[in-house]
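Q: One structure follows; several queries about it will come next.
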Amino acid sequence: MSASQVFNRIGQFGLGVALVGGVINSALYNVDGGHRAVIFDRFAGIKKQVIGEGTHFFIPWVQKPIIFDVRSRPRNVPVMTGSKDLQNVNITLRILFRPVPDQLPKIYTILGQDYEERVLPSITTEVLKAVVAQFDAGELITQRDLVSQKVSDDLTERASQFGVILDDISITHLTFGREFTQAVELKQVAQQEAEKARFLVEKAEQTKKATVISAEGDAQAAILLAKAFGDAGEGLVELRRIEAAEDIAYQLSRSRQVSYLPGGQNLLLNVPIPGN
């Protein structure tokens, strides 16, 4: 056997290996961690078996693997609805959702691979409208935990009908219409004005009581003075005059602008007296 024939056989063998490798590679697919796969068969449709993580075989052209993410994923759903007292309410829910792995064939058949876009907005709006309509605007604020719990229970039950698990539901945004907000602000202003008026009334009452007490004290003092005048006569007046004179003398003694001269002397100093 010549060298050219050996090389030809080696080339043919390598080509065959490459073709077989290509066919085998095209018949393999990987399912990453946190994912599942369902198989679409051109002749049998969606197979009921759910394929787990790892590398698997399928028949090219006849079968097609469809990969689903089964990990929890977040989604925000904004909804505008009305309360029991007809106030506009804007609510945003944050939902952590994932599909039920065993129901992936049914989910793909009925809803498709973008099942969350078809299911979550519609059922969230439905449940929120039904729950919020049971509460007044004030109760939505004061009883927020109760509202959140009721929304969570109803929404979880509704999502389970579509093969979707809701791991967490929370109200992240809750606001009201402009009219209600203005009414709340006006109510707060009115309450502040009422508190101010109540303070002024209490202050006036205290001032009135202080005036009455002072008047009663003055009246009592007048009675005592009248009694003292009746008992002591002019002696009490003379005593008060002496006390006043002492106080005036004390104040004048502290003043630097007042000078004292001896009694009986001429007030004009160094001025000769006429007749001398």
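Q: Around Ile248, under 12 Å between beta carbons, what's the net of Lys plus Arg minus Asp minus Glu among the other residues?
A: Numbers: positive: Arg241, Arg254; negative: Glu243, Glu246, Asp247.
After counting each charged neighbour, the total is -1.
Q: Hey, another quick one. Where the centre of each part is set by its Cα atoms, how far does the stretch 72-110 sit from the stretch 37-51, in angstrom?
A: About 28 Å separates the Cα centre of the stretch 72-110 from the one of the stretch 37-51.
Q: What is the extension gain from Ala27 to Thr156, computed as 0.36 nm multiplied by their sequence separation minus the C-alpha to C-alpha distance, in nm to one decimal? Before the final figure, lay out the partial values.
A: Values: separation 129, 0.36 × 129 = 46.44 nm, distance 3.92 nm.
Stretched out fully, the Ala27 to Thr156 stretch lengthens by 42.5 nm.
Q: Name the long-range amide H neighbours of Phe135: under 5 Å, sequence gap of 5 or more, or other chain; modelled H, no Pro or chain starts.
A: When sequence neighbours closer than 5 places are left aside, the close amide H contacts are Lys84.
Q: To the nearest 0.05, how large is the calculated FRET efficiency for Gln113 and Ser148 if R₀ is 30 Å and r is the Cβ-Cβ distance?
A: Working: r = 31 Å, r/R0 = 1.02.
Computed FRET efficiency for Gln113 and Ser148 comes out at 0.45.
Q: To check my understanding: the extent here is largest minus smallest coordinate of the Cα atoms along each principal axis. What are those three numbers for the stretch 71-216, in Å, largest first?
A: In descending order, the Cα extents are 95, 25, 21 Å.
Q: Please give, to one decimal in nm, the separation of the simple spin-label points placed at Gln191 and Lys203, each 7 Å out from Cα toward the Cβ.
A: 2.2 nm
Q: Please list, or write none, the aspartates and glutamates whose alpha carbon is within less than 17 Å of the alpha carbon of Lys84, excluding same-chain residues fewer than 8 places away.
A: In chain and number order, the partners are Glu126, Asp136, Glu139, Glu179.
Q: Express the accessible area of the stretch 94-207 per residue in Å², computed with a 1.4 Å probe while the remaining protein chains stay in the model.
A: Numbers: 6990 Å² over 114 residues.
With all protein chains present, the stretch 94-207 gives 61 Å² per residue.
Q: Which aspartates and glutamates have a Cα less than 17 Å from the Cα of Lys208, not counting those fewer than 8 places away in the same chain?
A: Cross-link targets: Glu216, Asp218.
Q: Then there is this: Sorted by average packing, counted as other Cβ atoms within 10 angstrom per residue and highest first, what order do 151-164, 50-63, 108-121 take?
A: So the order, starting with the most tightly packed, is 151-164, 108-121, 50-63.
The values are calculated or read from the model by the stated rules, or taken from the named source; none is laboratory data. Note that the structure is a prediction, hence the values are computed from the model and not measured. Note that we place each Cβ from the backbone using ideal geometry, even for glycine, and neighbour counts take in every protein chain shown. To get the accessible areas, we keep the full protein, side chains included, count just its heavy atoms, and leave off ligands, DNA and RNA. Shrake-Rupley method; radii C 1.70, N 1.55, O 1.52, S 1.80 Å.
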